[in-house]
Amino acid sequence: MTDLTPPENSPPQILARDDGATIAYHRSPGKSPGIVFLTGFMSDMTGSKALALEAYCRDRGRAFLRFDYTGHGQSSGAFTDGTIGQWAADAVYALDKLTDGPQVLVGSSMGGWIMLLTTLLRPQRVAGLLGTAAAPDFTRDLMEAVFTPDQQKELAETGQVLIPSDYEDGDPYPITKALIEDGRDQLLLDREIPLDCPVRLIHGQQDRDVPWQTSMRLAECLRSRDVEVTLIKEGDHRLSEPHDLDRLIRILDKLLHHIDNPPGPEQPN
């Protein structure tokens, strides 16, 4: 198992956005393509997947970036002021300001949606994508679609509703009207997604938050011909157990080898 201990217990660096918001981040120098980790909904950059990826990149001298969206972790702002569009803008800003050359974006849950939106805006900067329990369109398909009449009424009247977490250690999710409405403007799974880079998707079939069929649907929507989906029969949403992290690293390592050593042109029969 990869050592998850950061090289230094140091505070994050701070990137100031033009609007005055600040993004907290940790960055490691190294060769390209670098790795950028995009966290999930109400998650932050201190999770086990982020640290496992950082340790992997550190061991191999590869550039790495992890950061918190505004309203998350150690970045500025209130979570309830955030939207998918805002968090995608954070990712684009971090990509522009904190990385050089081609990057592989690794998105966890909501981060899988953010990685797609980011790549659509900066396709020339992204060499590949790796999603784990990727959740594009979740504000519509997994939230708005299942609100009870009482929740719909509360959202309309107060602008916010609390959704209980399925995890014993999880706080309720505050879902805002702005998040839902902005999410409708960011939807991707109703049409072809015009991306051509290699994409790898990992999804647990015991995922109670994002059904594994979402990754299959995403694979169908992507224009890229180089898409592979790995289904984990006993895998949950978090995919954060040691064997899950080892699998994540193995798939990323193979993707990087594939990017570094692209196949030659197909030979005629």
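With GLY111, GLY71, GLY85 as the choices, which residue is more than 20 Å from ILE249 (Cβ to Cβ), modelled with pLDDT of 95 or more and in a helix (DSSP H, G or I)? When all the criteria are applied, what remains is GLY85.
Could you tell me whether region 138-158 includes any residue that is under 23 Å from THR83 (Cβ atoms), without any contact (Cβ under 8 Å) to a residue 60 or more places away in the chain and in a strand (DSSP E or B)? No, because not a single residue in region 138-158 is under 23 Å from THR83 (Cβ atoms), without any contact (Cβ under 8 Å) to a residue 60 or more places away in the chain and in a strand (DSSP E or B). Among the conditions (1) in a helix (DSSP H, G or I); (2) within 14 Å of the chain's Cα centre (by Cα), the only one that GLN124 does not satisfy is (2).
Provide a single number: the residues in region 65-80 that are touching a residue at least 40 places away in the same chain (Cβ under 8 Å), of a type outside the set (Phe, Trp, Tyr) and closer than 25 Å to GLY159 by Cβ.
The qualifying residues number 7.
Whenever a residue of region 51-64 is farther than 13 Å from ARG250 by Cα and modelled with pLDDT of 95 or more, its partners that are assigned to a helix (DSSP H, G or I) and not aromatic (Phe, Trp, Tyr), lying with C-beta atoms within less than 6 angstrom and at least six residues away or across chains, give the pairs PHE64/GLU54; PHE64/CYS57. Scanning region 231-263 for residues being of a type in the set (Val, Ile, Thr), in contact (Cβ under 8 Å) with a residue 40 or more places away in the chain and either touching a strand residue (DSSP E or B) at 6+ places or on another chain (Cβ under 8 Å) or not in a helix (DSSP H, G or I) (or both) gives a total of 2.
The residue list LEU129, LEU95 contains one member that is without any contact (Cβ under 8 Å) to a residue 60 or more places away in the chain, within 26 Å of ARG250 (Cβ to Cβ) and surrounded by 14 or more Cβ atoms within 10 Å (Cβ to Cβ), which is LEU95. Residues of region 165-193 that are surrounded by 12 or more Cβ atoms within 10 Å (Cβ to Cβ) and assigned to a loop (DSSP other than H, G, I, E, B): SER165, TYR167, GLN186, LEU187, LEU188, LEU189. Determine whether ARG184 is modelled with pLDDT under 95, over 26 Å from LYS254 (Cα atoms), of a type outside the set (Gly, Ala, Ser) and out of contact with any Leu (no Cβ under 6 Å at 6 or more places or on another chain). Criteria not met by ARG184.
Taken together, MET42, MET1 contain a single residue that is at pLDDT below 95, in contact with a strand residue (DSSP E or B) (Cβ under 7 Å, 6 or more places away or on another chain) and part of a loop (DSSP other than H, G, I, E, B), which is MET42. Restricting region 46-68 to residues that are in a helix (DSSP H, G or I) and hydroxyl-bearing (Ser, Thr, Tyr) leaves a set whose member that is farthest from SER108 (Cα to Cα) is TYR56.
When every residue of region 202-215 is checked against the conditions, at least one turns out to be assigned to a strand (DSSP E or B), under 17 Å from LEU53 (Cβ atoms) and hydrophobic (A, V, I, L, M, F, W, C).
The values are calculated or read from the model by the stated rules, or taken from the named source; none is laboratory data. Remember, predicted model here, so these are calculated numbers, not experimental data. Positions of Cβ are generated from backbone atoms using ideal geometry, with glycine treated the same way; all protein chains shown enter the neighbour counts.
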